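Down below is the structure, laid out as structure tokens.
The values are calculated or read from the model by the stated rules, or taken from the named source; none is laboratory data. All values derive from a computational prediction rather than experimental measurement. Backbone-built Cβ (ideal geometry, glycine too); neighbour counts: all protein chains shown.
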Amino acid sequence: MATLYLTEPGAVLHKSSDLFIVQKRKDTLLEVPCAEVEHVMLYGNIQVTTAAQRKLAEHGIPLVHFTQNGRLLFRLTPPWPKNSILREKQWRRHFDPEFALRLSRSLVAGKLENALAVIRDYRHNHPELKCETELDTIVAARAQVEGAAMLDSLRGLEGAAAAAYFKVLGRMFFSPWQFAGRNRRPPRDPVNAVLSFGYVIVANELQSLLEGLGFDPYAGFFHATEYGRPSLALDLLEEFRHTLVDRLALHLFNQNIFAEGDFEKTANAGVYLNRDGQKKFFRSYERYLGLHRYEPPEGAVGYFRQHFKFQAYKLAKAIQDDGDYEPFRLHQGELGENPITPLSLDFPSAPQNDDE
């Protein structure tokens, strides 16, 4: 099943029988069967008819609306799932400091191992990359994760490792693109614009998935609870930031898919993807998520995006059983489970997923 991204200003999403139809004035831009759509994401001035909204609700399809610059405006989701037992246990674990710390250690361990894997994969093809000091920092932080006695100390380890990782990431982008570190709200250079945009896209996919399974996406464990923050979705996002978004950004910039004309500046010194840039991002993003097959324990064959679902299922089991959580890892390691193979930054044609 597919995510429908609509970026054409003035377009209108209609429903006709079992089809979603995108029109602009009298022109039909797209027709797609309702049964083939899993998410609808709108960017900018896009309208949705009442009939189309009702059809989305009937099929359980979330509708997410962003500004043209990628800032979330609102979400329309199907009625809250009936899995109140899962939500009750989730909140019990949320207020259990021992469980929250144990789960958070797993999340951070997976994130740091994935950061190391991204750097080492890049160095395999670019041995001239100098990053021994930063690698030592990340390795040292990873070694201390299991011994972290409080969430604040664990967050400190994660923060120090992230700072070292982004120093290295900045050296991985080819000229003329520059990345001197993370900045946001607003992002002030093209690389940060793409990273922020990608993190928002993945976080919203995870939030929709968690809501559909019956979780409360606002009650997390590693991320502190704040008004309006989907902390649980952000918890799961940590496992996929470097492996999905950062590597995709490297591909888009280093393979010259992006050009300066794909970005625009705003009055507050922000830099954002324009409509052409967003289209390039979405094309590569969807191909990226359809690249790799894996064999979960049940024996079914799936593709990369299904790791989102697989991790959500493992999270539900950990919460229900008061058990351990196995994080997503890019490669098979001593503690790894359900790995995917190293990615080339050159994207072949995406395989078709017969299960979807």
Within segment 67-99, tally of residues that are more than 22 Å from the chain's Cα centre (by Cα), hydrophobic (A, V, I, L, M, F, W, C) and not in a loop (DSSP other than H, G, I, E, B): 4
For residue 206: the one exception among (1) surrounded by 21 or more Cβ atoms within 10 Å (Cβ to Cβ); (2) more than 20 Å from residue 69 (Cβ to Cβ); (3) touching a Pro at 6+ places or on another chain (Cβ under 6 Å): (3)
Segment 1-39: number of residues that are within 24 Å of residue 277 (Cα to Cα), touching an Asp or Glu at 6+ places or on another chain (Cβ under 9 Å) and part of a strand (DSSP E or B): 10
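Which members of segment 140-151 meet the condition of being under 24 Å from the mean Cα position of the chain (by Cα) and in a helix (DSSP H, G or I)?
Kept after step one, since they are under 24 Å from the mean Cα position of the chain (by Cα), are these residues of segment 140-151: 141-142, 145, 151.
Across segment 140-151, the qualifying residues are 141, 142, 151.
How many residues does segment 27-65 contain that are of a type in the set (Ser, Thr, Tyr) and either buried (at least 21 other Cβ atoms within 10 Å of the Cβ) or in contact (Cβ under 8 Å) with a residue 60 or more places away in the chain (or both)?
Taking segment 27-65 and keeping what is of a type in the set (Ser, Thr, Tyr), we get 28, 43, 49-50.
Next cut, either buried (at least 21 other Cβ atoms within 10 Å of the Cβ) or in contact (Cβ under 8 Å) with a residue 60 or more places away in the chain (or both) only: 43.
Going through segment 27-65 one residue at a time, the tally reaches 1.
From the list 218, 294, 303, 272, which one is farther than 30 Å from residue 157 by Cα, at pLDDT 90 or above and in the same structural domain as residue 115 (by TED's automatic domain parsing)? Even if it seems obvious, please write down each step before you answer.
On the way: 218 fails: farther than 30 Å from residue 157 by Cα; 294 fails: at pLDDT 90 or above; 303 fails: at pLDDT 90 or above.
Going through 218, 294, 303, 272 in turn, just one is farther than 30 Å from residue 157 by Cα, at pLDDT 90 or above and in the same structural domain as residue 115 (by TED's automatic domain parsing): 272.
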Condition met for residue 197 (touching a residue at least 40 places away in the same chain (Cβ under 8 Å) and part of a loop (DSSP other than H, G, I, E, B)): no
Cβ-Cβ under 8 Å pairs, at least 6 apart or on other chains, segment 121-145 side closer than 14 Å to residue 172 by Cα, far side assigned to a loop (DSSP other than H, G, I, E, B) and aromatic (Phe, Trp, Tyr): none
Neighbours by Cβ (under 7 Å, 6+ apart or cross-chain): first from segment 160-189, without any contact (Cβ under 8 Å) to a residue 24 or more places away in the chain; second of a type in the set (Asp, Glu): 178/189; 179/189
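Could you list all residues from segment 20-31 that are under 24 Å from residue 287 (Cα atoms) and modelled with pLDDT under 85? Give the derivation first.
Just the residues of segment 20-31 that are under 24 Å from residue 287 (Cα atoms), to begin with: 20-22, 29-31.
Passing the criteria: 29, 30, 31.
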